[in-house]
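J.: Shown below is the structure under consideration.
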Amino acid sequence: MPTTTRRRHGQKQKKERNIFMTTRSASLETNIKVLKETIAWFKKQIEPHDCGWMYTTIHGLKHRIKELRKKKHIYDKIKNK
């Protein structure tokens, strides 16, 4: 394969990777937004008693948001290479 063909092929792969990473990053951002809305909904439902499970759920959702942010950061770093 000639050098120019390899270069074009490499550029095409990079462009496709950037499109995938941008789409994936946007998808992660949407997931984070939905989880934040879910947390807000749970917080409105909390009453003075028998709601310990809601606090546990909120904590789990916050943990998931943290994991998604890490993944998004990795995708953004790869995309910007």
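J.: Using a 1.4 angstrom probe, figure out how much accessible area the stretch 19-81 has per residue, in square angstrom, rounded to the nearest whole.
T.: 76
J.: How much length is gained on full extension from Glu67 to Phe42, taking 0.36 nm per residue of separation minus their Cα-Cα distance?
T.: Length gained between Glu67 and Phe42: 7.0 nm.
The values are calculated or read from the model by the stated rules, or taken from the named source; none is laboratory data. Given the structure is predicted, the values throughout are model-derived calculations rather than measurements. The accessibility values were calculated without ligands, DNA or RNA, using every heavy atom of the protein model including side chains. Shrake-Rupley method; radii C 1.70, N 1.55, O 1.52, S 1.80 Å.
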